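Engineer: Can you keep this structure in mind? I'll have questions shortly.
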Amino acid sequence: MNCPCGASGEQLVQYFPAGETDFRLCKVCGCVFREQFPGPEELDEIYRLAYEEENISGETTNQESGDYAVRSFADFLAGRIVKPGERILDYGAGSGVLVSELRNRGLACDGFEFAESAREYCLANRGYSLKSNLQAVPDGYYQAVTMIEVIEHLTDLTNTLKEIYRVLAPGGKLFITTPSRDGFRARIEKGNWREARKKFHLFLFDWRSISFHLERAGFTGVEHIVFSPFQKEGWKFVMYARIMQSIGMSGTLCVVASR
Ligand SMILES: [Zn+2]
């Protein structure tokens, strides 16, 4: 498979020596991606197994976990990225947990979600619908779009970013978080890194490669939020996170780009 930037052949080299050996590094754009993406049916099965595993070990659904992280992102977005009354879209909304948190903060928030089961859960438990596509959304409709731990899953990176660019208003912001392949654990564990082993993770970004693909889709002013919101509570985690962030080895890459 070619890199989404168009590079192929000798420009693509194996990234991990062991473990998840099917990741390729593109020497042109710095992107790391799986050489062969799973097909739609295979992907459905991977997601189904992942949710099942999560449910068994966590006694909760995947979509309902990480509430602290969601509140922390919602506070950050409501304080720094959007103003009350502005329209915001959560792209890859899961069961709508961030959509609800943002609505509680006075924002006009919609959600888009691929998985039918998650959309059904949202409608049944939260009483509103999530979008299954963006076709009916007018150009420039939203002042902000969020993609929390979503971009690494995309099977069509280029067209998805272009579609998000289209629905953003001029000056609108795209807020992204994704596992960082420059993070401490990624550097130590390499091809056995937890985030690399998840079969639905098709991309592993670093700062350079995510900037390249955002700019290629038309975004400008790509900003690396080094001191990003915390994903867990407690002073020990906060200290650890701040140290990793300050030395550039945080496990999360957090980026804001403008239309
Ligand atoms: Zn490339």
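Engineer: Is there any pair with a first residue in segment 131-150 that is crowded, with 16+ Cβ neighbours inside 10 Å and a second that is of a type in the set (D, E, K, R) and part of a loop (DSSP other than H, G, I, E, B) whose Cβ atoms are under 9 Å apart and which are 6 or more apart or on different chains, and what are they?
Structural biologist: Once the first residue is crowded, with 16+ Cβ neighbours inside 10 Å and sits in segment 131-150, its partners that are of a type in the set (D, E, K, R) and part of a loop (DSSP other than H, G, I, E, B) give Lys131/Glu113; Tyr142/Glu86; Gln143/Lys83; Gln143/Glu86; Ala144/Glu86.
Engineer: In segment 112-130, which residues are charged (D, E, K, R) and without any contact (Cβ under 8 Å) to a residue 24 or more places away in the chain?
Structural biologist: Those that are charged (D, E, K, R) and without any contact (Cβ under 8 Å) to a residue 24 or more places away in the chain: Glu113, Glu116, Arg119, Glu120.
Engineer: Just checking, does segment 196-210 include any residue being of a type in the set (S, T, N, Q), modelled with pLDDT of 95 or more and over 15 Å from Tyr91 (Cα atoms)?
Structural biologist: yes
Engineer: Identify, please: which residue in segment 211-237 is of a type in the set (Val, Ile, Thr) and modelled with pLDDT of 90 or more and is, among those, farthest from the chain's Cα centre (by Cα)?
Structural biologist: Filtering first and then ranking leaves Thr220.
Engineer: In addition: Among the numbered criteria (1) more than 16 Å from the ligand (Cβ to nearest atom); (2) over 16 Å from the mean Cα position of the chain (by Cα); (3) at pLDDT 95 or above; (4) not aromatic (Phe, Trp, Tyr), which one does Ala257 miss?
Structural biologist: Single failed check for Ala257: (2).
Engineer: With respect to Ile225, determine if the residue is surrounded by fewer than 20 Cβ atoms within 10 Å (Cβ to Cβ) and free of Cβ contacts under 8 Å to residues at least 12 places away in the same chain.
Structural biologist: No; evaluated as a whole, the condition is false for this residue.
Engineer: Related question: Here is a list: Arg208, Arg181, Arg216. Which entry is within 16 Å of the ligand (Cβ to nearest atom), more than 28 Å from Asp139 (Cβ to Cβ) and out of contact with any strand residue (DSSP E or B) (no Cβ under 9 Å at 6 or more places or on another chain)?
Structural biologist: One residue alone meets the criteria, Arg208.
Engineer: Looking only at segment 1-53, count every residue that is among the aromatic types (Phe, Trp, Tyr) and more than 17 Å from His153 (Cβ to Cβ) and tell me the total.
Structural biologist: Matching residues across segment 1-53 total 2.
Engineer: Continuing with this model, one more query. For segment 1-112, list the helices (runs of 4 or more DSSP H) that sit wholly inside it and hold at least 3 residues that are away from the ligand (no atom under 16 Å from the Cβ) and at pLDDT 90 or above; which are they?
Structural biologist: Fully inside segment 1-112 and qualifying: 67-76, 97-104.
Engineer: Next up: Spot the failing condition for Tyr240; the list is (1) within 19 Å of the chain's Cα centre (by Cα); (2) hydroxyl-bearing (Ser, Thr, Tyr); (3) outside any loop (DSSP other than H, G, I, E, B), and only one is missed.
Structural biologist: So Tyr240 meets the others, but not (1).
Engineer: Right, Arg197: within 13 Å of the ligand (Cβ to nearest atom), out of contact with any strand residue (DSSP E or B) (no Cβ under 8 Å at 6 or more places or on another chain) and among the charged types (D, E, K, R) or not?
Structural biologist: Spelling it out, it is not the case that Arg197 is within 13 Å of the ligand (Cβ to nearest atom), out of contact with any strand residue (DSSP E or B) (no Cβ under 8 Å at 6 or more places or on another chain) and among the charged types (D, E, K, R).
Engineer: Pairs only if they're at least six apart or on different chains, beta carbon under 8 angstrom, first in segment 1-22 and without any contact (Cβ under 8 Å) to a residue 40 or more places away in the chain, second assigned to a helix (DSSP H, G or I) and away from the ligand (no atom under 16 Å from the Cβ); list them, first residue then second.
Structural biologist: Between residues of segment 1-22 that are without any contact (Cβ under 8 Å) to a residue 40 or more places away in the chain and residues that are assigned to a helix (DSSP H, G or I) and away from the ligand (no atom under 16 Å from the Cβ), there is no close pair.
Engineer: Let me ask something else. Give Val70, Val99 a once-over and let me know the one that is touching a strand residue (DSSP E or B) at 6+ places or on another chain (Cβ under 7 Å) and under 29 Å from Leu49 (Cα atoms).
Structural biologist: Selected residue: Val99, the only one of Val70, Val99 that is touching a strand residue (DSSP E or B) at 6+ places or on another chain (Cβ under 7 Å) and under 29 Å from Leu49 (Cα atoms).
The values are calculated or read from the model by the stated rules, or taken from the named source; none is laboratory data. Predicted model, so just to flag it, every value in this text is computed and none were measured. Positions of Cβ are generated from backbone atoms using ideal geometry, with glycine treated the same way; all protein chains shown enter the neighbour counts.
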